[in-house]
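The values are calculated or read from the model by the stated rules, or taken from the named source; none is laboratory data. Bear in mind the structure is a predicted one, so any value in this text is a computation, not a measurement. Don't worry about glycine lacking a Cβ; one is built from the backbone with ideal geometry, like all the others, and counts go over all protein chains shown.
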Amino acid sequence: MKPITFSREETRAMAGEIQEYFREELDQDIGSLPAEMLIGFFADKMGAYFYNRGLYDAQNLILQRVDSLSDEVLTLEQPTKHLR
């Protein structure tokens, strides 16, 4: 799998979220470098789990839409004396 990468702006935004979490939930200050290192750790070690969950969710959505389309196509069927 190709490594998960983020733009500099995305990394800064995520680092800010981590710093805020540490401050509010853990009553600890964490610098931007440790926060960015934590992002790297999660991207490297946990990223595939989140990526795969996104794929599974997308696949499920596609299957639901295909089922819905199949049902809609069947509504177009014209009546005949032949039974399927």
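Being modelled with pLDDT of 95 or more and of a type in the set (Asp, Glu) is the requirement here; does residue 71 meet it?
Details: modelled with pLDDT of 95 or more: no; of a type in the set (Asp, Glu): yes.
No, not satisfied.
Determine, yes or no, whether residue 33 is assigned to a helix (DSSP H, G or I), modelled with pLDDT of 90 or more and loosely packed, with under 10 Cβ neighbours inside 10 Å.
Values: assigned to a helix (DSSP H, G or I): yes; modelled with pLDDT of 90 or more: yes; loosely packed, with under 10 Cβ neighbours inside 10 Å: yes.
Spelling it out, residue 33 is indeed assigned to a helix (DSSP H, G or I), modelled with pLDDT of 90 or more and loosely packed, with under 10 Cβ neighbours inside 10 Å.
Looking at the stretch 1-30, which of its residues are part of a loop (DSSP other than H, G, I, E, B) and exposed (fewer than 11 other Cβ atoms within 10 Å of the Cβ)? So that I can check it myself, show each step before the final result.
Start the filter on the stretch 1-30 by keeping residues that are part of a loop (DSSP other than H, G, I, E, B), which leaves 1-7, 27-30.
Selection gives 1, 2, 3, 5, 7, 27, 28, 29.
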